[in-house]
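Heads up: the structure comes next, in structure tokens.
Only the coordinates and a few stated rules stand behind these numbers; no lab work does. Note that this is a predicted model, so its numbers are computed, not measured. As a convention, Cβ positions derive from the backbone with ideal geometry for all residues, glycine included, and neighbour counts pool all protein chains shown.
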Amino acid sequence: MEAAAKVRWNRVGLYYGLTMLVTIAITFAWTASGRSWQGSASAVALNLCMLVPGLVAAALQRWVFRAPLASTLGLRRPSLTWLAFGWLLAPLIMFFALALALLLPNVSFVSDLSGLASLGMSASEIAGMRQRTIGFPGGAVPALLLQGLLLGPSLLAIGGLGEEVGWRGFLYHELASLGPTRRTMLIGLLWGIWHLPAVIQGYAYPLHPVLGSLMLLVLTQLLAPIYSYLRDRSGSVLVPAIFHGTCSATGAIAVGFVRGGSELLTGFTGLAGLVATGIACLLVVRYGSKQQPQ
């Protein structure tokens, strides 16, 4: 199904308004119940939020706009080559972010996973993860990599698909007439703003929610061309979903082996991650093939 000749802003506005409304309700209900965005328990609320963009898009297309789901939401079967590319690109960015963090002053490498504390993990959770890596060939680094590569395209890809059906599915379709550059930038901005209800309440940057919100908006703008590239070339929303899930699953690599720094400097959402993502973005923009018609 071809995209509309002009942007149907009424559809875009309805979709984004409903998505934000439901997301805000979930995030504020979570904190109102006395829970925080730190530690593994917050994964419940986070994964619920990740499902919202896709569920709202599917509901609107099915029952309000009466549009075919598969073609308008990018639900096509991609090639194994593109699935593998999206899967492996994520840990490459995380290792690059780790390497850049280790170049910062007063930052050093540790193998005890103590850096995971910056993600809000408790000492007992870190100790349990450390215990599971004992005896693994090569130690904790390949252990975390293998765990991320297994969880990324499976369990965590569910949340990734929930987001990507909305951002690189519905909005990608509805905003097509803007052209690839403006569409990518606008989706990146809307996607970034969608994160802010959780960020201002302590997600990702608990000590710096305001500055962290700005950094998150920069990160989503840098990631947006990469996601669009994966969506364009594969012809399917499943590839960016796999990439999304594997970024979440391997994110511990970027920060788990770091001692020193801060949440604004290290990790995927810190300065090191922004630089790593920015370089990957530049490579995609510079060397990526031209957009293919979908």
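The order of Arg35, Arg233, Arg130, Arg66, going from fewest to most other C-beta atoms within 10 Å of their C-beta, is Arg66, Arg35, Arg130, Arg233.
Arrange the following residues from fewest to most other Cβ atoms within 10 Å of their Cβ: Val237, Val218. Write out the running numbers ahead of the final one.
On the way: Val237 30, Val218 15.
Arranged by neighbour count, lowest to highest, Val237, Val218 become Val218, Val237.
Once the C-beta distance of Leu21 and Leu211 is scaled by a Förster radius of 25 Å, the resulting FRET efficiency is 0.45 to the nearest 0.05. The angle separating the long axis of helix 155-165 from the principal Cα axis of greatest extent in the chain is about 30 degrees. Based on the Kirkwood approach, the hydrodynamic radius assigned to segment 9-287 is 19.0 Å, with every pair of different Cα atoms included.
Between segment 99-161 and segment 7-26, how far is it from one alpha carbon centroid to the other, in angstrom? Taking the Cα centre of each part, segment 99-161 and segment 7-26 sit 35 Å apart.
If each residue of separation counts as 0.36 nm, what is the full-extension length gain between Val218 and Arg77 once their alpha-carbon separation is subtracted?
47.7 nm
Computed from Cα atoms, the angle from the helix 9-32 axis to the main principal axis of the chain rounds to 30 degrees. Between Val44 and Arg286, the C-beta separation translates, for a Förster distance of 51 Å, into a calculated FRET efficiency of about 0.80. If I model segment 144-206 as equal point scatterers sitting on the Cα atoms and use the Debye formula, what is log10 I(q)/I(0) at q = 0.18, 0.25, 0.27 Å⁻¹? Debye curve over Cα of segment 144-206, log10 I(q)/I(0) at q = 0.18, 0.25, 0.27 Å⁻¹: -0.83, -0.99, -1.02. Fewest neighbouring Cβ atoms within 10 Å first, the residues His244, His173, His208 line up as His208, His173, His244. When peptides 247-260, 182-195, 110-123, 268-281 are ranked by their average number of other Cβ atoms within 10 Å per residue, the highest-first order is 247-260, 268-281, 182-195, 110-123. Mean residue ellipticity at 222 nm, helices only, the chain: -21000 deg cm²/dmol; runs of at least 4 DSSP H residues each add -39,500 (n - 2.57), and the sum is divided by the number of residues.
Computed extension gain for Leu186 through Ala32, at 0.36 nm per residue and net of the alpha carbon distance, reaches 52.3 nm. Rounded to the nearest 10 degrees, the angle from helix 209-234 to the longest Cα principal axis of the chain is 60 degrees. Spacing of the modelled spin labels on Ser122 and Leu88, each 7 Å from Cα toward Cβ, amounts to 3.9 nm.
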